[in-house]
Amino acid sequence: MTVSWQAQVSLKPYNTFGIDVKARYFTQAHNDEEVREALQQARHSGLPVLVIGGGSNLLLTRDIDGLVLHMASQGRRVLSDDGKRVVVEAEAGEAWHPFVQWSLQQGFCGLENLSLIPGTVGAAPMQNVGAYGVEVKDVFVGLTALDRETGELRDFDLEECAFGYRDSLFKRNPGRWLILRVRFVLSHVLQAHLDYGPVRQRLQEQGVEQPTAQAISDAICSIRREKLPDPAELGNAGSFFKNPVVAAVLVERIRARYPAVVAYPQADGQVKLAAGWLIEQAGWKGFREGDAGVHRLQSLVLVNYGRASGGQMHDLARRIQADILERFGVELEMEPNLY
Ligand code: FAD
Ligand code: NAP
């Protein structure tokens, strides 16, 4: 069997920023065998390989002079169920949100706060996706990945993935492991996380007194739809910067000048600042130059109004970073993966 490649493919439909760059070659993998074959063919041709899922955490700044391998593997299954805890597994190419909805329909709780995050199951461990007080690591059991250096399959458990805030072993070693499938431990009993942002309030507004996992998911979807631009309508990659975790003494210096600074103390004594608040204070909310801009409702989200290049988006990001450093003494780190 030979995996067919297309040449000179526009990646515009494959990244949620809608950046129009080309892949020298493009192919899709539907199973492990096709993954291996694509990697082997690329090695024989001396081509680098960029693996992508939903393209919702990418900033493409140039044509990709190699093979772009789009993960399209499908499949979800229950591996074990003892009546309380359920272990489920999904293939890397499964779309994340439909997978979350499937788990809720089975009566499994645990993924509800991670509703409506774009992208694929395979990419979720990359940056330990998180929202509304829950991260993938909270429901993670293990994953199977292909070591692109040795060609061997390897299982990783929770500890081995070294998850951090929007971070993991895989994010720190780009291109080394190709994630094939991921396992999660879910529960028949709901442990509701409602204390983050406006979740509890939204449920109250909806008249929900005893929320189910599905009701929490629905509330979070409604909040997200109001606040975040839909990539199908306005190109974006979600939060463009990570929330910086900084020394408490720096936050006190900032608070002296900006008493309303939004800051969350962490267990280790450091403090997480809301990057969106810093950017908004600096006057960037709603900024637009050409087709590159900062979203008018959520300053953490950079947007492509149509024909911005990846380079233009990156330039805007660097200007914001420099301004925030000068004003607040805080370094903002980009969240999307830059190519
Ligand atoms: P891609 O963008 O395709 O890839 C991301 C990185 O992972 C790349 O480096 C790629 O090479 C690598 N990769 C992809 N698949 C694999 C694989 N199978 N094996 C190895 N490497 C792989 N993120 C959050 O954490 N929380 C949120 O709430 C959130 N909300 C968002 C809202 C919007 C509107 C958007 C556009 C983005 C949001 N994101 C959020 C970011 C993004 O959706 C997630 O990071 C998502 O997990 C990326 O998945 P993807 O399949 O699109 O990855
Ligand atoms: P928000 O509710 O307006 O909150 C602003 C920031 O404050 C968030 O970034 C969040 O940090 C932090 N925060 C809020 N309540 C907190 C609490 N109780 N304890 C600690 N930190 C708190 O944020 P939003 O932009 O609408 O996003 C809502 C959630 O979805 C957040 O968790 C956010 O991370 C996630 N999200 C992520 C992306 C992405 O691309 N990564 C895109 C959209 C939304 P955290 O970001 O650390 O949670």
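Considering only residues that are open to solvent by less than 60 Å² (accessible area, probe 1.4 Å) and in contact with an Asp or Glu (Cβ under 8 Å, 6 or more places away or on another chain), which ones fall in region 149-177?
Phe163, Arg166, Leu169, Trp177 - these are the residues of region 149-177 that are open to solvent by less than 60 Å² (accessible area, probe 1.4 Å) and in contact with an Asp or Glu (Cβ under 8 Å, 6 or more places away or on another chain).
For region 200-255, enumerate the residues that are more than 16 Å from ligand 2 (Cβ to nearest atom) and in the same structural domain as Gly130 (by TED's automatic domain parsing).
Gln204, Gln206, Gly207, Val208, Glu209, Gln210, Pro211, Thr212, Ala213, Gln214, Ala215
Out of curiosity, is Val87 surrounded by 20 or more Cβ atoms within 10 Å (Cβ to Cβ) and either closer than 30 Å to Ser309 by Cβ or not assigned by TED's automatic domain parsing to the domain that holds Leu39 (or both)?
No: the conditions fail for Val87.
Hey, any hits in region 73-80 for a residue that's assigned to a loop (DSSP other than H, G, I, E, B) and either buried (at least 22 other Cβ atoms within 10 Å of the Cβ) or among the hydroxyl-bearing types (Ser, Thr, Tyr) (or both)?
yes
Enumerate the pairs (first residue in region 91-120 and without any contact (Cβ under 8 Å) to a residue 40 or more places away in the chain and over 19 Å from Ser222 (Cα atoms); second residue anywhere and open to solvent by 30 Å² or more (accessible area, probe 1.4 Å) and in a loop (DSSP other than H, G, I, E, B)) with beta-carbon separation below 9 Å, excluding pairs fewer than 6 apart on the same chain, so at least 6 apart or on different chains.
Every condition considered, the pairs that remain are Glu94/Gln74.
Looking at Pro118 and the list (1) farther than 24 Å from Ala29 by Cβ; (2) part of a loop (DSSP other than H, G, I, E, B), which single condition is not satisfied?
Evaluating Pro118 over (1) farther than 24 Å from Ala29 by Cβ; (2) part of a loop (DSSP other than H, G, I, E, B) leaves (1) as the failure.
For region 120-132, does any single residue satisfy the condition of being open to solvent by less than 20 Å² (accessible area, probe 1.4 Å) and more than 16 Å from ligand 2 (Cβ to nearest atom)?
yes
Does Gly269 satisfy the criteria of being outside any strand (DSSP E or B), open to solvent by 20 Å² or more (accessible area, probe 1.4 Å), at pLDDT 95 or above and touching a helix residue (DSSP H, G or I) at 6+ places or on another chain (Cβ under 8 Å)?
Working: outside any strand (DSSP E or B): yes; open to solvent by 20 Å² or more (accessible area, probe 1.4 Å): yes; at pLDDT 95 or above: yes; touching a helix residue (DSSP H, G or I) at 6+ places or on another chain (Cβ under 8 Å): yes.
Yes; evaluated as a whole, the condition is true for this residue.
Given region 1-59, what strands (runs of 3 or more DSSP E) lie entirely inside it while holding 1 or more residues that are in contact with a Pro (Cβ under 9 Å, 6 or more places away or on another chain)?
Numbers: elements: 6-10, 22-29, 49-52.
No strands (runs of 3 or more DSSP E) qualify here.
Which one of these does Tyr258 not meet: (1) over 19 Å from Gly130 (Cα atoms); (2) open to solvent by 60 Å² or more (accessible area, probe 1.4 Å); (3) hydroxyl-bearing (Ser, Thr, Tyr); (4) in the same structural domain as Glu326 (by TED's automatic domain parsing)?
Tyr258 satisfies all of (1) over 19 Å from Gly130 (Cα atoms); (2) open to solvent by 60 Å² or more (accessible area, probe 1.4 Å); (3) hydroxyl-bearing (Ser, Thr, Tyr); (4) in the same structural domain as Glu326 (by TED's automatic domain parsing) except (2).
Could you list, in sequence order, all residues of region 62-96 that are under 21 Å from the mean Cα position of the chain (by Cα) and at positive phi?
Within region 62-96, Gly75 is the sole residue that qualifies.
Restricting to region 272-310, and then to whatever is open to solvent by 30 Å² or more (accessible area, probe 1.4 Å) and either within 11 Å of ligand 2 (Cβ to nearest atom) or not in a loop (DSSP other than H, G, I, E, B) (or both), can you tell me which residue is farthest from Val249 (Cα to Cα)?
Glu289
For region 92-128, which positions are under 16 Å from Pro231 (Cβ atoms) and in contact with an Asp or Glu (Cβ under 7 Å, 6 or more places away or on another chain)?
Listed by number, the list holds a single entry, Thr120.
If the requirement is being in a helix (DSSP H, G or I) and open to solvent by less than 40 Å² (accessible area, probe 1.4 Å), which of these qualifies: Leu203, Leu180?
The match here is Leu203.
Scan region 79-128 residue by residue and report those that are of a type in the set (Phe, Trp, Tyr) and more than 8 Å from ligand 1 (Cβ to nearest atom).
If the condition is that a residue be of a type in the set (Phe, Trp, Tyr) and more than 8 Å from ligand 1 (Cβ to nearest atom), then Phe99, Trp102, Phe108 are the ones that fit.
The values are calculated or read from the model by the stated rules, or taken from the named source; none is laboratory data. Since we're looking at a predicted model, the values are computed, not measured. Counting neighbours? That spans all protein chains shown, and the Cβs are built from the backbone with ideal geometry, glycine included. Ligands, DNA and RNA are stripped out before the accessible areas are found, and what is left, the full protein with its side chains, is counted by its heavy atoms. Shrake-Rupley method; radii C 1.70, N 1.55, O 1.52, S 1.80 Å.
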